[in-house]
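Please read through the structure below; I'll follow up with questions.
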Amino acid sequence: MLAYLPRPPTDTSRYGTFPQKPELPAAPGAPAEDGWQQAGAAATKRTSLMRNYPSLPRRGGIVPSEPSLPPSRSSPAAQLRPSDLARRSPAAGACWYPLQALSVPNFPSSARSKTPARSAAVPIPEGLQGRRRKLLEEDGPVVQASKRQRQRYVTKVGKCQVNLGNIQEKKRFLSDIFTTIVDLKYRWFLFVFMMCYIVTWVVFGTVYFFDAWARGDVGHRGDPEWRACIENVDGFVSALLFSVESQRTIGYGSRMVTANCAEGVILLMAQSIVGSMIDALMVGCMFVKISRPKKRAQTLIFSKNCVVSRRDEKLCLMFRVGDLRDSHMVDAKIRAKLIKSRQTAEGEFIPLEQSELNLGYDTGEDRLFLVEPQIICHVINRRSPFWDMSAESLRREQFEIIIILEGIVEATGMTCQARTSYTEDEILWGYRFEPCMSLEKGAFRVDYSRFEMTFEVQTPAASAKELHELKELERQELSTLSLYWDHLLQPCAP
């Protein structure tokens, strides 16, 4: 459960010793116009938002540049080298981070260098450098977190990784014996199937043998004057054969119940009724177990990764789902759950809290006509739990997205449910799915070899909240400039 808590920040550039640009006080001078003051404040706030945008990691360790957010070449931090920045004194007006931020350095695995950072104040011996580098590489918190195997709530094939234990009232399972037998594994199911018949054969065979022995039929076998209750039963094996022949209605004719005793007729009637009940139960369980919708769910596939990119100027989380059979799902519906642990304001720890992800429930987009692979989209808006999550914070978070697809099997009319899950490591920021449909010979053809393929697109690494704030600032700036321009043109009007 603790695996779903957020990871510690891994970006060392935010905790390094690089000085920040000092805030210069406003120079005294002539008061500017109100319009220009508001525009300048909006531009300053927008610049601060753009500076806080995290970089977007891509595959292979390449960090692409964002065309809409160019770095400033005139800033002091851009002109100085890291060695020059390390030699600068705090008295130069730079803003320094506290020293405890550097007590346990947290290097990302992609940016880890074999050469340790050399302190300018205290020289470190070469042997101590090697020991320090080894400790940082082996015992770092990021490396330890990567070595630990992540425990999933639901596997990729849809199996729930939850084990129930310490159940006191196990008799509840016997009240629903049909579901209990169907849920058994095949080896135990076949064992129960065989034992139901074997036990009834042995029990009734024992009763037949005891009745024949008590009436004396065993000792008078072959006596033409003896009126036997069960003919040709002279031992337990012959009584067992008679039990099997009676329950399975084989009837070879050598052994049979006569009208000389009433208990033989009653036993035969009881065995026929019990045999019919066992046939109905076991054959029904076998049919249901073979035709379970769980097997139909194996032909419903999901993409291995989720992607985050823009669609209609909105940041969206998307994945792909497809059906491999020609017999389609009827009334297919899809929904998503976010599994994440959190701590409330009162200090209560909620393990594996489930929250709903909107996949178009209010607009009906969650109801699918699943005849071809479809891309399911979750719009990241104010009601989304990913509203303030950027590409950088996504790497620090730990959560799991459960996808549930439900529908009715067209062939049998039974409800089917397919499940899968995505962790934060399986979400690709700045990617989009490739099309897998084409028109051939008057029909649409689906190429499932392209089902998992994605391609890279230009996507801001900022969160949806920051993008929304930046858009609002640009809108306010444009409105302020337009009002000031109208104010300047008003005296010139006739």
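The values are calculated or read from the model by the stated rules, or taken from the named source; none is laboratory data. These numbers come from a predicted model, not from an experiment. Glycine also receives a Cβ, built like all others from the backbone with ideal geometry; neighbour counts cover every protein chain displayed. Heavy atoms of the whole protein, side chains included, go into the accessibility calculation; ligands, DNA and RNA do not. Shrake-Rupley method; radii C 1.70, N 1.55, O 1.52, S 1.80 Å.
List the pairs from Lys185/Lys294; Lys156/Lys340; Lys170/Lys295; Lys185/Lys337 whose alpha-carbon separation is above 20 Å, in the order I gave them. Present the calculation step by step, with values, prior to reporting the outcome.
Details: Lys185/Lys294 13 Å; Lys156/Lys340 17 Å; Lys170/Lys295 28 Å; Lys185/Lys337 28 Å.
The answer is Lys170/Lys295; Lys185/Lys337.
Follow-up question, since we're still on this one. If I model the stretch 181-291 as equal point scatterers sitting on the Cα atoms and use the Debye formula, what is log10 I(q)/I(0) at q = 0.10 Å⁻¹?
-0.35
While we're on this one: If you average over every viewing direction, what projected area does the convex hull of the Cα atoms of the stretch 296-469 give, in nm²? It would help to have the intermediate numbers written out before the result.
Numbers: hull surface 48.5 nm².
If you wrap the Cα atoms of the stretch 296-469 in a convex hull and average its projections, you get 12.1 nm².
In whole Å and largest first, what semi-axes does the C-alpha gyration tensor of the stretch 280-381 yield when each eigenvalue is scaled by 5 and square-rooted? If you can, show how the numbers build up before the last one.
Working: eigenvalues 206, 109, 27 Å².
Three semi-axes, in Å: 32, 23, 12.
Over the stretch 179-226, with the other protein chains present, what is the accessible area per residue in square angstrom, probe 1.4 angstrom?
Values: 3230 Å² over 48 residues.
Heavy-atom accessible area per residue stands at 67 Å².
Restricted to Cα positions, what overall size does the stretch 359-406 have along the principal axes? Three whole-Å values, descending.
Largest to smallest, the principal-axis extents are 37, 19, 16 Å.
How much length is gained on full extension from Arg172 to Ala443, taking 0.36 nm per residue of separation minus their Cα-Cα distance?
Details: separation 271, 0.36 × 271 = 97.56 nm, distance 5.35 nm.
So the extension gain works out to 92.2 nm.
Right, next: How much net charge surrounds Glu245 when only other residues with a Cβ under 14 Å from its Cβ are counted (Lys, Arg +1; Asp, Glu -1)? Mind showing how you got there, number by number?
Working: positive: Arg248, Arg255; negative: Glu231.
So the surrounding residues net to +1.
I would also like to ask the following. Which order do you get for Ile198, Ile290, Ile404 if you rank them by accessible area with a 1.4 Å probe, largest at the top? List each step's numbers first, then the result.
Details: Ile198 75, Ile290 105, Ile404 20 Å².
Descending order: Ile290, Ile198, Ile404.
Below 8 Å between Cα atoms, with a sequence gap of 6+, how large is the relative contact order for the stretch 296-469 in percent? Can you show the working numbers first?
Values: 346 pairs, mean separation 48.2, N = 174.
Relative CO of the stretch 296-469 lands at 28 percent.
Can I ask one more? Counting only heavy atoms of protein chains, what accessible area per residue, in Å², does the stretch 287-360 have with a probe of 1.4 Å?
Value returned for the stretch 287-360: 54 Å² of accessible area per residue.
Take the solvent-accessible surface of the protein heavy atoms, probe 1.4 Å, and return the percent of it on the stretch 181-291 that carbon and sulfur atoms account for.
Values: 4740 of 6650 Å².
So the carbon and sulfur contribution to the accessible surface is 71 percent.
Please give the net charge around Lys465, taking every other residue with its beta carbon less than 9 angstrom from that of Lys465, where Lys and Arg add +1 and Asp and Glu add -1. Could the numbers behind the result be given before it?
Numbers: positive: Arg382; negative: Asp388, Glu466, Glu469.
Neighbour charge sum, excluding Lys465 itself: -2.
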